[in-house]
Amino acid sequence: MSDTTVNLAELIGSRICHDLISPIGAITNGLELLEMVGSIHGPEMELISGSVGSAGARIRFFRVAFGSASAHPLGRAEVSELLRDIERAGRLRVNWHLTEAIPRNQVKLVFLALMCCESAMPFGGEVTVEQAGEDWAITGSAEKLNVEADLWKNLTTGQFANKLTPAQVQFLLLPETAASMGRRVVAETTSTRLEIRF
């Protein structure tokens, strides 16, 4: 996978997320108006509202993870809001202890690493994000992990023995995107713990 291919994937990701976030935002606004006038109540409304909220959260997260990234910083408040929305929409709890704004391209790497961890946590888990100087460590823990050996063993190189599925694309994009930034991904796993460093 070349830098051109990575850039093309980022452009496609940005375009899809950009085109989807507007109609989802419009649906959210419409639901809020319906709630204000009191025309719809009950579990049906809660289901629709919750589903739209989850979809919007995932698309905003994907926009950073799969979209074009620059050195333009993302503030702690913006990243924290994205992660809170993702926590509400799923089973992953993320500890983001950083207080400074972080370049968007580095947040992109962290989000791809979070997706790798999430894929190994079908019953949920906790992930801690730490930075020491220029180095990042994303550590996940759960009582039960589902670690696919080929994916995690070859995350450093991005060369996998088996064909990846769409749900595994982050395992290909993380090492390729890291390499384009002059970084190398290292991954370690145990029965209850995952660590990704770059």
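Laboratory data are not the source of any read-out in this text; all were calculated from the coordinates shown. Computed from a predicted structure; not experimentally measured. Glycine gets a Cβ as well: all are built from the backbone with ideal geometry, and neighbour counts include every protein chain shown.
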(message) If each residue of separation counts as 0.36 nm, what is the full-extension length gain between Ser51 and Thr156 once their alpha-carbon separation is subtracted?
(response) 34.3 nm
(message) Taking 41 Å as R0, compute the FRET efficiency from the Cβ-Cβ separation of Ala26 and Asp135 and round it to 0.05.
(response) 0.50
(message) Taking the 0 to 90 degree range and rounding to the nearest ten, how far is the long axis of helix 43-66 tilted relative to the main principal axis of the chain, both from C-alpha atoms?
(response) 30 degrees
(message) Taking R0 as 25 Å, what FRET efficiency do you get between Lys144 and Asn95 from their Cβ-Cβ distance, rounded to the nearest 0.05?
(response) 0.80
(request) Beta carbons within 10 angstrom, averaged per residue: use that to sort the peptides 127-134, 150-157, 113-120, highest first. (result) 113-120, 150-157, 127-134
(request) Select one label from (1) 39; (2) 61; (3) 43: the one whose number is percent of Cα pairs over 25 Å apart as derived from the coordinates shown. (result) (1)
(message) Within 11 Å, Cβ to Cβ, of Trp136, how many net charges do the neighbouring residues add up to if Lys/Arg are +1 and Asp/Glu are -1?
(response) -2
(request) Can you figure out the FRET efficiency of Val37 with Leu164, using R₀ = 41 Å and their beta-carbon distance, to the nearest 0.05? (result) 0.30
(request) Would you work out the relative contact order for the chain, in percent, from Cα pairs under 8 angstrom that are 6 or more residues apart? (result) 18 percent
(message) Loop only by DSSP, 14 or fewer other Cβ within 10 Å of the Cβ. Give me the trypsin sites (Lys or Arg not before Pro) in region 91-132 that pass, ordered by residue number.
(response) Arg91
